[in-house]
Amino acid sequence: MNTWNSYTWKPALAEAGIIPPGAEGAKQWQWEAAPKDGFHVLRHTCASIMSEAGESVVTLARWLGHSSPAVTLGYYAHFMPEAGSRGRTVIDGLLGQPGDQCAGRNSPDSPRG
């Protein structure tokens, strides 16, 4: 990963003008760009988008190679704004009430008016 970041990814970012070019006299693998400019950020971005779109935590954990879904939840739970809304909608349906149409604006623990 570090070799690919140093010799392929960061030179491509520098060529595109996204990060500054390597410092004068620096070795080919030395970059001033922060770790946030590393290729790993694309993995995190993809997982965040998939999580926010409602992809299963179990599936995300498998795709990312995490040891368990708990690890995935630790990193990406804050990208799940709809968490709890499906369950509330099902319970509302069982109780004969209309589903919560605005669940995305409330946290799962928020009292409903």
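Throughout, read-outs are computed from the coordinates displayed, never taken from laboratory work. Please read these numbers as outputs of a predicted model, since none were measured by experiment. Neighbour counts are summed over all protein chains in view; Cβ atoms, including those assigned to glycine, are modelled from backbone coordinates with ideal geometry.
At a glance:
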| quantity | calculated |
| --- | --- |
| Separation of the Thr89 and Arg62 label points, Cα + 7 Å toward Cβ, nm | 2.4 |
| Cβ-defined net charge surrounding Trp31, 14 Å radius [Lys, Arg +1; Asp, Glu -1] | -1 |
